[in-house]
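Structure first, then comments.
The values are calculated or read from the model by the stated rules, or taken from the named source; none is laboratory data. Note that this is a predicted model, so its numbers are computed, not measured. Heads up, the Cβs are rebuilt from the backbone with ideal geometry, glycines too, and the neighbour counts pull from every protein chain shown. These area figures cover heavy atoms from the full protein model, side chains too; ligands, DNA and RNA do not enter into them. Shrake-Rupley method; radii C 1.70, N 1.55, O 1.52, S 1.80 Å.
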Number of protein chains: 2
Amino acid sequence: MEQKQKSEFTKQLILNESFKLFYKNGFKTTSVDKIMKTTNLTKGAFYHHYKSKKELGLEVISSKIQQRVYQGMITPLYQDGNALAILKVTFSERLKSFSQYDKQHGCPMNNFINEIADEEEAYQLALKRIVEEWKAALVYLLERGKKEHVINKTISSNAVAVYLISSFEGIRGIRKLYNDDSVLDDYILGLSLYLNQLKP
Amino acid sequence: MEQKQKSEFTKQLILNESFKLFYKNGFKTTSVDKIMKTTNLTKGAFYHHYKSKKELGLEVISSKIQQRVYQGMITPLYQDGNALAILKVTFSERLKSFSQYDKQHGCPMNNFINEIADEEEAYQLALKRIVEEWKAALVYLLERGKKEHVINKTISSNAVAVYLISSFEGIRGIRKLYNDDSVLDDYILGLSLYLNQLKP
DNA sequence: CTTAAAACATACTAACTAGTATTTTTTATA
DNA sequence: TATAAAAAATACTAGTTAGTATGTTTTAAG
C-alpha cells in the first residue's frame with residue numbers, strides 16, 4: 001500500500017521538476033540527467049517511471065500544462081455573470097497576476113507549441129487538445145452573452161475566440177522582449193477596446 | 001579583389017543555410033556541424049567567419065529575420081492609400097501567401113522569441129529591435145488614418161499596434177497545431193471584425 | 001616568382017546526450 | 001521470516017555538442 005503511494009510520489013516529483021525545467025530552459029535543451037539531478041534521484045528511477053523523454057513531455061503537456069491553462073483561463077469562463085465582463089477580467093487579471101519570472105518566460109503552452117509542435121504529431125495533438133478546450137469555453141461564453149443580449153449576435157463566436165487566444169499567446173511571447181510592463185498595458189488597453197466593440 | 005567577394009559569398013551561404021535550419025529545427029537544436037554539412041564546407045570555415053554560434057544567431061536575427069519581417073509586414077504599411085484597407089490587406093494577404101511549409105513552421109521571429117528571448121539579453125535586444133520597428137510602422141499608419149478621418153481618433157494607436165502584432169504572432173503559433181486553414185480563416189474573420197470597429 | 005595573409009580543412013577535446021544493461025535496495029505478501 | 005517483485009542505483013554505450021589547435025590551400029601584392 002505504501003509502496004504505491006511512494007512510487008506515485010516519485011513519478012509526480014519527476015513530472016513537477018520536469019515542468020519547471022522545461023519552462024525555464026526549454027524542452028529539447030533540458031536533459032534527463034538535469035531533471036534527475038534536481039530530484040536527487042537517478043536515471044534508473046526515471047526510466048522505471050517513464051519509457052522515454054517523449055513520454056514525459058507528453059505527460060507534462062497533458063497534465064501540468066493543461067491544469068495550468070484550465071485554472072487560469074478556462075475555468076473562470078464558466079462563471080455566472082456578464083459575459084463581456086468575465087472575458088475582460090479573466091484575460092487582464094491573468095496577465096496582471098503573473099510574477100516577474102512568468103512574464104519573462106512566457107506561456108508554457110505557447111513555448112511548447114513554438115518549440116516542438118512542428119516536430120512530432122503526438123505533441124501537436126496533446127497541445128491542440130488544450131487549445132480546443134479553451135476555444136470551446138470561449139465560444140460557450142460568447143454564445144451565452146449573445147443569448148443574454150450582452151454580445152452582438154452578428155459576430156462569429158469562433159472567430160472572436162480564435163482572435164482572443166491568438167492575441168493572448170502572442171503577447172506572452174512579445175513580453176519576453178521587454179523589461180517592463182508597458183507592452184502589457186498596451187495589450188490590455190487594446191483588448192478592452194476590442195471587447196467593448198463586441199457589444200450589441 | 002576576388003577573394004573578398006568569395007569570402008563574403010561563403011559567409012552569406014552559411015547565414016542562409018543557418019536561417020533555413022533554425023527555422024526548420026530550432027536554434028538550440030541545430031548544430032554547427034549540421035550547418036556546415038549543408039554548405040559542403042567544414043568547421044574551419046565556420047569559425048573563420050563567425051566567432052561563435054551565438055554571433056551567428058544574432059546575425060541571423062538582425063539580417064535574415066529582419067529582412068523577412070520588413071518585406072512581409074513593415075514595408076507594405078508605408079504604401080499610400082486607405083489606412084484601414086492597407087492594414088486589412090497586409091495582414092490577411094500575408095497569412096494567405098504562406099506556403100504549407102511556412103504555415104507548419106510558424107513565424108521565424110516568433111520561434112526565436114519563444115525559444116531564446118528569455119536566455120540571453122543580446123537575443124532579446126536584436127528581436128526587440130524588429131518588433132519595435134514593426135510597431136512604429138503600425139503606429140505611423142494608424143496616425144495617418146486618423147488624420148485622414150479613416151480611423152477613430154479616440155483609440156490608442158500604440159494599443160492597437162500591440163494588439164495587432166500579438167494576435168498575428170499568436171496565430172502563427174496556433175496554426176502549427178492544425179492540418180488545415182480553418183483556424184486561419186477564423187483569425188482573418190476576427191481580424192476584419194476588429195479592424196472595422198476602428199472606423200470613426 | 002616569392003611571401004604573407006586570408007580562407008578553409010583536418011583532427012582533436014571535453015562535456016553532454018538519450019537510452020540500456022545490470023545490480024542493489026526496498027517493500028508487500030505468503 | 002523467506003521470497004518475489006517493484007523501485008531505484010550504478011555503470012555503461014554510442015552518438016552529438018561547441019569550440020580549439022594545427023594544419024593545408026588559395027589568393028593578393030610586391
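Karplus-based coupling profile of the stretch A:98-104, in residue order and whole Hz: 5, 6, 3, 4, 5, 5, 5, with θ = phi - 60° in 6.51 cos²θ - 1.76 cosθ + 1.60 and x standing for Gly or Pro.
Helix screen, chain A: DSSP H segments with Cα axial length of 20 Å or more and mean Kyte-Doolittle hydropathy at least -1.0 are A:83-97, A:121-147, A:157-174, A:182-196. When the Cα atoms of chain A are aligned to their principal axes, the ranges along those axes come out at 61, 41, 31 Å in descending order.
Summary: within chain B, the longest segment free of trypsin sites (Lys or Arg not before Pro) located in DSSP loops with at most 14 other C-beta atoms within 10 Å is B:52-152.
Compute, for the protein assembly as shown, the length of the dipole vector about the Cα centre, with Cβ point charges of +1 (Lys, Arg) and -1 (Asp, Glu) only. Units Debye, rounded to 20. Charge dipole, the protein assembly as shown, about its Cα centre: 320 debye, nearest 20. Taking 0.36 nm per residue of separation and subtracting the Cα-Cα distance, full extension of the segment from residue B:25 to residue B:93 would add 21.9 nm.
Summing -39500 (n - 2.57) over the DSSP H runs of n ≥ 4 in chain B and dividing by its residue number, what mean residue ellipticity at 222 nm do you reach, to the nearest 500 deg cm²/dmol? Could you put the intermediate results ahead of the total?
Values: 11 runs with 140 residues, N = 200.
Counting only the DSSP helices, I get -22000 deg cm²/dmol.
Straight distance only, please: which lysines reach the Cα of residue B:199 with their own Cα at less than 26 Å, same-chain residues fewer than 8 apart left out? Here the lysines satisfying the reach criterion relative to residue B:199 are A:88, A:146, A:153, A:199, B:88, B:96, B:135, B:146, B:147, B:153. Using θ = phi - 60° in the Karplus curve 6.51 cos²θ - 1.76 cosθ + 1.60, the 3J(HN,Hα) couplings for the stretch A:42-55 round to 10, 4, x, 5, 4, 6, 6, 8, 10, 7, 6, 5, 4, 4 Hz; x is entered for Gly and Pro. Rolling a 1.4 Å probe over the heavy atoms of the protein chains gives the stretch B:58-196 an accessible area of 36 Å² per residue. When the Gaussian network model of chain A links Cα atoms closer than 10 Å, the mean-square fluctuations of A:44, A:26, A:170 top out at A:44. For the stretch A:104-180, GluC sites (Glu not before Pro) are listed when DSSP marks them as loop and at most 15 other Cβ atoms sit within 10 Å of their Cβ; the list is A:120, A:148.
Taking the charge dipole of chain A about its Cα centre, with +1 at Lys and Arg Cβ atoms and -1 at Asp and Glu Cβ atoms, the residue from A:189, A:48, A:111 reaching farthest to the positive side is A:48. The 1.4 Å probe gives accessible areas that order B:99, A:18, largest first, as B:99, A:18. The slack in the chain from residue A:62 to residue A:16, taken as 0.36 nm per residue of separation less the alpha-carbon distance, amounts to 15.3 nm. When a/c reaches 1.5 or more, the comparison of a/b and b/c decides; with that in mind, is the stretch A:69-184 rounded, prolate or oblate per its Cα gyration tensor? Taking the square roots of the gyration eigenvalues as a ≥ b ≥ c, the stretch A:69-184 is oblate.
Across identical copies of the chain, residue B:37 has label-point separations of 2.7 nm, listed in ascending order, with the point defined 7 angstrom from Cα along Cα→Cβ. For the stretch B:1-50, a crude dipole built from +1 on the beta carbon of Lys and Arg and -1 on the beta carbon of Asp and Glu, taken about the Cα centre, is about 160 debye to the nearest 20.
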